[in-house]
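One structure is given below, encoded as structure tokens.
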Amino acid sequence: MSPVFPMLTVLSMFYYMCLRRRARTATRGEMNSRRAIESNTRALPINVEIVQYAKEVLDFSSHYGSENSMSYTMWNLAGIPNVYPSSGDFTQTAVFRTYGTWWDRCPSARLPFKRTPSTFCSQDYVELAFEEPVYPTAVHILETYHPGAVVRILACSANPYSQNPPAEVRWEILWSEAPTKVNGPQARQFTPCIKQINFPTNLIRLEVNSSLLDYYTELDAVVLHGVKERPVLSLKTSMIDMNDIDEDDDEEKYGCGMDTLNKQFNIVTLREWPTNGYFDKLPYELIQLILSHLTVPDLCRLAQTCKLLYQHCCDPLQYIHLSLQPYWARINDTSLEYLQSRCTLIQWLNLSWTGNRGAISVSGFSRFLKVCGSELVRLELSCGHFLNETCLEVITEMCPNLQELNLSSCDKIPPQAFNHIAKVGSLKRLILYRTKVEQTALLSILNFCSELQHLSLGSCVMIEDYDLIASMMGAKCKKLRSLDLWRCKNITESGIAELASGCQLLEELDLGWCPTLQSSTGCFTNLARKLPNLQKLFLTANRSVCDTDIEELAANCTHLRQLDILGTRMVSPASLRKLLESCKDLSLLDVSFCSQIDNRVVLELNANFPNVFIKKSFTQ
């Protein structure tokens with residue numbers, strides 16, 4: 001045989017393997033920018049591309065604005081741009097609640113969950129609905145101030161406007177990247193290279209991480225490009241990555257992270273080995289320590305190797321602290337059922353963002369807590385829209401040792417349901433940000449939960465009389481260390497006086513956007529004199545804050561670390577110098593839109609106090 005023919009045979013086999021890999025990848029929608037897509041690829045047949053702005057904002061985790069207005073709210077992401085291509089701080093944009101690392105350096109900061117995958121760094125999200133389901137070809141995000149927060153873009157198979165919900169809801173990551181520092185706060189159009197998916201979508205989710213930003217990121221609009229017919233990649237390619245062939249085996253074996261987790265939980269067939277190698281010589285505790293560094297999917301995979309490691313991977317001691325938030329798109333009733341036997345000793349549980357669109361039922365959640373709730377100390381349920389009154393009742397009955405409960409943005413819970421929380425007298429932390437808690441229920445909670453140390457009532461718009469609430473806190477919650485009253489609309493100097501007199505251990509107080517507080521009543525002076533332990537004080541957008549208030553803080557609150565006086569017109573550079581000289585630990589000072597503090601003053605203060613981040617926002 002001619003030596004040419006074996007060579008042709010080898011080349012043919014290689015070409016066949018490449019084409020087979022390409023076909024499988026396109027079928028599953030796994031083609032992305034890292035993989036081998038070079039020039040000369042094109043979609044066949046050619047479809048007319050549809051370009052559409054978001055029709056509606058369906059869900060989000062937080063926003064800077066009020067529930068009763070449009071300024072700085074996520075709802076500004078619907079429709080055409082309001083600001084772009086202009087740069088600066090504009091009320092017509094969408095702004096999340098936090099930025100930077102300041103919220104991780106205050107008394108209310110929570111300890112992170114271990115075992116969080118390094119690939120998951122999302123802090124907030126927003127979900128957008130579009131008119132027409134399409135196969136996405138591009139996503140444009142119009143960022144108008146401090147860009148760089150978006151870390152993941154996802155697409156959902158469910159059509160929010162369909163009358164017939166699908167039996168299975170799938171989420172696919174179109175693009176993902178670690179947080180990056182962007183030079184400069186100027187506006188930009190962010191268009192990452194997205195991968196193709198094998199279903200049409202009109203539901204896009206953005207996830208953000210603002211930890212590297214110097215100020216709040218502002219988003220103006222999102223544009224979805226796509227075609228109605230599923231693109232078929234041309235086989236005409238200029239290069240194919242050899243790594244694709246090896247990588248495919250790993251993907252087919254393990255699925256997509258949590259895609260196969262339910263099956264992995266329920267392993268019934270294990271390999272038999274004559275010995276377990278060096279693992280037989282290691283102490284049980286040492287193996288447990290080694291495995292404690294694995295993520296949940298890795299534990300499930302390792303459990304399939306042999307009986308010894310299955311025993312270790314299913315040990316309830318491996319699940320004392322468990323965060324399922326990174327896998328929110330995959331968690332459902334079946335997942336919780338399989339986890340029950342492993343979580344009998346669980347103390348920290350994070351189910352934030354999980355269970356929406358029917359993934360977790362009330363009965364499934366209740367069954368899990370009835371088995372695993374007795375030792376729970378911390379329960380994170382942020383944005384859990386499956387929660388209702390029955391769920392809160394089960395929590396209070398099945399979790400007698402609960403000390404921390406996070407219901408942030410659980411805006412589907414009915415007002416009367418919050419009365420059940422009063423039964424958990426051991427609570428030390430309660431987060432009710434953006435919930436429908438009413439005054440009667442909150443008064444009951446404060447009366448019976450006297451151990452509270454951290455309380456968040458930001459954007460709780462259904463409370464009628466915050467003075468009464470503050471009075472109850474002063475009388476009952478003597479151990480309170482942090483209090484969030486962000487955008488509380490009706491608290492006055494009377495409530496502040498009761499609060500300052502009764503809660504003198506307060507180290508953190510957020511009174512941002514509380515329009516009924518006026519410096520002329522002496523309320524801020526009273527705070528400074530009675531709360532010497534203050535480390536964080538936000539008086540955001542209170543235009544009445546004056547030099548007297550700043551000087552009182554300088555004289556009495558020398559431990560102050562963070563101060564926000566955005567928007568005041570009555571604070572001079574001289575009083576700020578006194579504050580900076582007195583408060584040696586001060587690290588954040590926001591003087592945005594303070595009319596007496598211009599850029600020249602900020603530069604001077606930065607030069608004299610280099611350890612303080614002094615923020616001066618602007619609008620063009």
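The values are calculated or read from the model by the stated rules, or taken from the named source; none is laboratory data. All of these numbers come straight from a predicted model, not from anything done at the bench. Cβ: placed from backbone, ideal geometry, glycine included. Neighbour counts: every protein chain shown. Quick note on the areas: whole protein, heavy atoms, side chains included, nothing else; ligands and nucleic acids left out. Shrake-Rupley method; radii C 1.70, N 1.55, O 1.52, S 1.80 Å.
All conditions but one from (1) open to solvent by 70 Å² or more (accessible area, probe 1.4 Å); (2) modelled with pLDDT under 90; (3) in a loop (DSSP other than H, G, I, E, B) apply to ARG20; the one that does not is (3).
Scanning the stretch 305-333 for residues that are surrounded by fewer than 17 Cβ atoms within 10 Å (Cβ to Cβ) and among the polar types (S, T, N, Q) yields THR305, GLN311. When the stretch 571-620 is filtered for residues that are closer than 20 Å to PHE90 by Cα, over 32 Å from the mean Cα position of the chain (by Cα) and of a type in the set (A, V, I, L, M, F, W, C), only ILE597 remains.
TRP103 meets the conditions (1) in a loop (DSSP other than H, G, I, E, B); (2) within 30 Å of ILE346 (Cα to Cα); (3) open to solvent by 20 Å² or more (accessible area, probe 1.4 Å) in every case but one. The failed one is (1). Looking only at residues of the stretch 358-380 that are part of a helix (DSSP H, G or I) and polar (S, T, N, Q), we find that the one that is surrounded by the fewest Cβ atoms within 10 Å (Cβ to Cβ) is SER363.
Using the structure shown, decide if ASP510 is under 28 Å from SER66 (Cα atoms), of a type in the set (Asp, Glu) and more than 27 Å from the chain's Cα centre (by Cα). Outline the logic, then answer.
Details: under 28 Å from SER66 (Cα atoms): yes; of a type in the set (Asp, Glu): yes; more than 27 Å from the chain's Cα centre (by Cα): no.
The answer is no for ASP510.
For the stretch 222-234, the set of residues classified as touching a helix residue (DSSP H, G or I) at 6+ places or on another chain (Cβ under 8 Å) and surrounded by fewer than 17 Cβ atoms within 10 Å (Cβ to Cβ) consists of VAL232 only. Restricting attention to the stretch 283-304 and to residues that are of a type in the set (A, V, I, L, M, F, W, C) and loosely packed, with under 14 Cβ neighbours inside 10 Å, the residue that is farthest from PHE113 (Cα to Cα) turns out to be LEU286.
ASN606 - would you say it is farther than 18 Å from LEU499 by Cβ, of a type outside the set (Gly, Ala, Ser) and surrounded by fewer than 18 Cβ atoms within 10 Å (Cβ to Cβ)? Against the criterion (farther than 18 Å from LEU499 by Cβ, of a type outside the set (Gly, Ala, Ser) and surrounded by fewer than 18 Cβ atoms within 10 Å (Cβ to Cβ)), ASN606 qualifies.
Listed here are the helices (runs of 4 or more DSSP H) enclosed by the stretch 393-502 that have at least 2 residues being touching a residue at least 24 places away in the same chain (Cβ under 8 Å) and closer than 30 Å to LEU345 by Cα: 439-448.
Applying a threshold of 7 Å to beta carbon distances and a minimum spacing of six or more residues, or different chains, the list of pairs starting in the stretch 56-75 at a residue that is not assigned by the TED database to the domain that holds CYS514 and ending at one that is open to solvent by 30 Å² or more (accessible area, probe 1.4 Å) and aliphatic (A, V, I, L, M) reads GLU56/ALA78; VAL57/ALA78; GLU67/VAL461; ASN68/VAL461. Please indicate, with yes or no, whether at least one residue in the stretch 519-541 is open to solvent by less than 10 Å² (accessible area, probe 1.4 Å) and hydroxyl-bearing (Ser, Thr, Tyr). There is at least one residue in the stretch 519-541 that is open to solvent by less than 10 Å² (accessible area, probe 1.4 Å) and hydroxyl-bearing (Ser, Thr, Tyr). One residue stands out among those in the stretch 110-130 that are of a type in the set (Gly, Ala, Ser) and more than 14 Å from the chain's Cα centre (by Cα): the one that is nearest to ASN533 (Cα to Cα), which is SER118.
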